[in-house]
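The values are calculated or read from the model by the stated rules, or taken from the named source; none is laboratory data. Keep in mind that what you see is a predicted model, and the values were worked out from it rather than measured. In this analysis, Cβ positions are derived from the backbone assuming ideal geometry, glycine residues included, and neighbour counts consider all displayed protein chains.
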Amino acid sequence: MHTVDTFMAEITNLRVHIAPVGYEIDRIVLPAKKMRADRVILLVHENPSEDKATKFYQKISEQLEKLNIEVNVEYHNRTALFQIIKSVKKLIEQESGNIISINLASGSKVQAIGCMMASMMFNDNDNVKPFYVEAKEYIGFSGKPMSKGIKDIEYIPTYEIQKPEERLVKALKIIVDSGGRISKKEMAKKALEQKLIVVNAENQSQATFASLDKNIISSLENHWEFVKVDKIGRTRWIEITEEGKYAAEFLI
């Protein structure tokens, strides 16, 4: 049987912080304490031998655990913008029922950009709030944390960055999984199988290609510029573009 306290804990949204680990300690720990975080997810570089910031992870974890704050780790490539966006997107989806605060001050510039972009693209539930922490004192990196204390915490307003609708992302995945190039005939077959298009017509073959063009290819090619269509002989080929490859890194 649930007690009242247990029941309330289950229905209460957790306060979750997402924080890249850079050369900072206070700018992660003190906001988590002040904002009463229940959980902090640390973004840690996937290859510790290449990252001078790795040694700060243990100190941050120890201090958070002393505050009875749960600590989780998400490994990522801290130098690759699209991989950072993908990691944060995954965490936003994972914590969709909670209140998510994303720390823009604790990591590198590319991490801050990736975190902000993810906040603007994937805040579907309006539960994601990026924030910036102004340090009380800036020391400069000499093997020690770059700052000490915190002066102020400021939430950053988010403005929606448009992203493709789900069926276009699924269509893009079909192309990626096919090696980045697929015939229009095969694409139509897979789109029907995954119910990305629905055709109810007597001339099903013609209607299928028309629906594929109108609902999938036209948007991917003309609006998003994620694919291009070429005709070689009698076959039309759908091929992913460079823009499509970049987008696939964090959308899929």
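Computed values, structure above
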| quantity | calculated |
| --- | --- |
| Residue check for A171: in the same structural domain as T241 (by TED's automatic domain parsing), in contact (Cβ under 8 Å) with a residue 12 or more places away in the chain, surrounded by 17 or more Cβ atoms within 10 Å (Cβ to Cβ) and more than 27 Å from the chain's Cα centre (by Cα) | no |
| Failed item in (1) more than 27 Å from L91 (Cβ to Cβ); (2) in contact with a helix residue (DSSP H, G or I) (Cβ under 9 Å, 6 or more places away or on another chain), with N222 passing the rest | (2) |
| Number of positions in the stretch 23-52 that are touching a residue at least 60 places away in the same chain (Cβ under 8 Å), more than 16 Å from K129 (Cβ to Cβ) and charged (D, E, K, R) | 3 |
| Filter result (among the hydroxyl-bearing types (S, T, Y) and either within 13 Å of L196 (Cα to Cα) or in contact (Cβ under 8 Å) with a residue 12 or more places away in the chain (or both)) within the stretch 209-237 | S211, S219, T235 |
| Residue in the stretch 14-27 that is nearest to I85 (Cα to Cα), counting only those that are in a loop (DSSP other than H, G, I, E, B) and among the β-branched types (V, I, T) | V21 |
| Matching strands (runs of 3 or more DSSP E) fully within the stretch 28-106 where at least 3 residues are out of contact with any helix residue (DSSP H, G or I) (no Cβ under 7 Å at 6 or more places or on another chain) | 70-76 |
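Okay, residues lined up against (1) basic (K, R); (2) touching an Asp or Glu at 6+ places or on another chain (Cβ under 8 Å):
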residue: R39; (1), (2): yes, yes
residue: Q58; (1), (2): no, no
residue: E65; (1), (2): no, no
residue: V71; (1), (2): no, yes
residue: E74; (1), (2): no, no
residue: R78; (1), (2): yes, yes
